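J.: Below: one structure in structure tokens.
The values are calculated or read from the model by the stated rules, or taken from the named source; none is laboratory data. As the structure is a computational prediction, the values presented were derived from the model and not from experiment. Here the Cβ positions follow ideal geometry from the backbone for every residue, glycine too, while neighbour counts run over all protein chains shown.
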Amino acid sequence: MLLELTITAEGPLAFPERRFGEQFRASLGYVPGGAIYGALGFHTFDAARFRALRCHNAYPIAPGDPWSRPLPLSALQPKGTEDAPIYDSLVQRVCWERQEPAGLIYTPTDAEGRAWEVVKHGFYTLGSDDKLGTRTVAQRVLTRVAIDRRRGTAAQGLLYSPLVLNEVQQLKLKDKTTLPYPATFRGTVFFPDAYPDLGASLQQLDTLGARQTSGLGAVNIVAAEVAVENAAEVERRVKLLTARFVEQAKCYKALGGAKWMVKGHIFTVNLLADTFLHEQGWLPTQELSAATLAELTGIQATLLRAFTDTAVVGGWHAMWRQPKPTALATKMGSVFVFHAEDGLSQAHFAALAQLQRDGIGERRAEGFGHVRICDEFHLHECYPREEKA
């Protein structure tokens, strides 16, 4: 059972990464799955089923967007040109690094010779014409004063200024004007079996995030059941990506490069959320290794390349009023490229579809470890920016 959530802000929202007491601490730019998971826990939810939930992060969308996801770390852009097209370097870079000698470095440059940089716009969506729109959420500073509970008046010298997600966002139009719209986020909640009361429980939630006693966190949630992606759709994307690798390898061979035979299938595992990866069940790592993939799916493959970064993940437990343990995670947007030379069977495609549903790593119920096989971003080389009417 997969429910699609549309979360609309009815007031400022705050999802801080750090403990309370820090001035001007920024909020996360999305609704973390842990906030949804914790809010469901406050409502009398079935404990046995509660542990099987997968509450994925909800990312910002603009009017008309079907979905929004983190930009892969393979996305590049000419330096200093925010409105320029965005390029996916994954296929070219992997094929380039398979050339000989190994000292060749893949370094695309702009007209002035400056190296392209990784795009850091946060989240993206694709229109029907494959034009790319980047999505972020504006934040603003609120100033609050603590109240002396004994006297019922403002406590002397206890001002605090949190950074919050603005409840009204501005969409830039083609004529350089802006269109205001309520801050909206879209995510999913997955449960392995049918559970008819889950949607009703989610729609009862009217507050999310921190500082709810200060008037923050008012939301409206609409839940709608959608189809769970099957193995056939995963197979389609894997074959399209493999075809891109075949054509790129042929191009480099025609230019005098090494002949690299792309046998079998090439696929990616994209992290749609921060992920806690471990080797041998306990050793923290930044890499999804081929051995771990084989353990999870039974697929024997080679890890060709990893586009990764790390993030320090903490948080605050509202019920216990204690900080959550701080841990090092592999950052959302990271990409792992695998090559299965013997090809993938229907059972393997089904296992990859199951991996999408279950996720990887620890604390998956809170949204961590959410993955997607062969994200649509990798199926094209260049994405022009969207133009609003």
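J.: Any residue in region 130-141 that is at pLDDT below 85, loosely packed, with under 14 Cβ neighbours inside 10 Å and out of contact with any Ser or Thr (no Cβ under 6 Å at 6 or more places or on another chain)?
T.: Yes, some residue in region 130-141 is at pLDDT below 85, loosely packed, with under 14 Cβ neighbours inside 10 Å and out of contact with any Ser or Thr (no Cβ under 6 Å at 6 or more places or on another chain).
J.: Out of region 89-123, which residues are surrounded by fewer than 12 Cβ atoms within 10 Å (Cβ to Cβ) and in contact with a Lys or Arg (Cβ under 6 Å, 6 or more places away or on another chain)?
T.: Matches in region 89-123: R114 only.
J.: Just to be sure before I move on: is G187 modelled with pLDDT under 90, closer than 27 Å to I221 by Cα and touching an Asp or Glu at 6+ places or on another chain (Cβ under 9 Å) in the structure I sent? It would help to see each step written out before you state the result.
T.: Numbers: modelled with pLDDT under 90: no; closer than 27 Å to I221 by Cα: yes; touching an Asp or Glu at 6+ places or on another chain (Cβ under 9 Å): yes.
So G187 fails the test.
J.: On the basis of being modelled with pLDDT of 85 or more, of a type outside the set (K, R) and in the same structural domain as A138 (by TED's automatic domain parsing), does C55 make the cut?
T.: Judged against the criteria, C55 is a match.
For every residue, the table says whether it meets (1) in a helix (DSSP H, G or I); (2) in the same structural domain as L142 (by TED's automatic domain parsing); (3) touching a His at 6+ places or on another chain (Cβ under 6 Å).
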| position | (1), (2), (3) |
| --- | --- |
| L216 | no, yes, no |
| F245 | yes, no, no |
| K263 | no, no, no |
| I266 | no, no, yes |
| N270 | no, no, no |
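A quick yes/no check of all residues on (1) charged (D, E, K, R); (2) more than 14 Å from the chain's Cα centre (by Cα); (3) buried (at least 19 other Cβ atoms within 10 Å of the Cβ); (4) closer than 15 Å to L293 by Cα:
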| position | (1), (2), (3), (4) |
| --- | --- |
| G333 | no, no, yes, no |
| V337 | no, yes, yes, yes |
| A340 | no, yes, yes, yes |
| A350 | no, yes, no, yes |
| L355 | no, yes, yes, yes |
| I360 | no, no, yes, yes |
| G367 | no, no, yes, no |
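J.: If the requirement is being surrounded by fewer than 21 Cβ atoms within 10 Å (Cβ to Cβ), touching a Leu at 6+ places or on another chain (Cβ under 8 Å) and closer than 25 Å to A273 by Cα, which of these qualifies: I86, I36?
T.: Numbers: I36 fails: surrounded by fewer than 21 Cβ atoms within 10 Å (Cβ to Cβ).
Every option except I86 fails the conditions.
J.: When region 302-359 is examined, which residues are found to be in a strand (DSSP E or B) and over 18 Å from I266 (Cα atoms)?
T.: Selection gives T310, A311, V312, V313, W316, H317, Q322, P323, A327, L328, A329, T330.
J.: Report, by residue number, each residue of region 45-93 that is assigned to a helix (DSSP H, G or I) and either of a type in the set (S, T, Y) or more than 17 Å from T107 (Cβ to Cβ) (or both).
T.: A47, A48, R49, F50, listed by residue number.
J.: Has region 277-292 got any residue that is part of a loop (DSSP other than H, G, I, E, B) and of a type in the set (V, I, T)? Don't jump to the end; show me each part of the working.
T.: First, pick out the residues of region 277-292 that are part of a loop (DSSP other than H, G, I, E, B): 280-282, 286-289.
Filter once more, keeping what is of a type in the set (V, I, T): none.
Scanning region 277-292 turns up no residue that is part of a loop (DSSP other than H, G, I, E, B) and of a type in the set (V, I, T).
J.: Look at region 216-236 and say how many of its residues are of a type outside the set (D, E) and touching a Lys or Arg at 6+ places or on another chain (Cβ under 9 Å).
T.: Within region 216-236, residues that are of a type outside the set (D, E) and touching a Lys or Arg at 6+ places or on another chain (Cβ under 9 Å) number 2.
A quick yes/no check of all residues on (1) touching a residue at least 60 places away in the same chain (Cβ under 8 Å); (2) within 17 Å of the chain's Cα centre (by Cα); (3) assigned by TED's automatic domain parsing to the domain that holds L208:
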site: R49; (1), (2), (3): yes, no, yes
site: G64; (1), (2), (3): no, no, yes
site: G80; (1), (2), (3): no, no, no
site: L90; (1), (2), (3): yes, no, no
site: W96; (1), (2), (3): yes, no, no
site: Q99; (1), (2), (3): yes, no, no
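J.: I'd like the residue in region 164-176 that is modelled with pLDDT under 85 and surrounded by 12 or more Cβ atoms within 10 Å (Cβ to Cβ) and, out of all such residues, is farthest from R135 (Cα to Cα).
T.: Looking at the filtered set, the residue picked out is L173.
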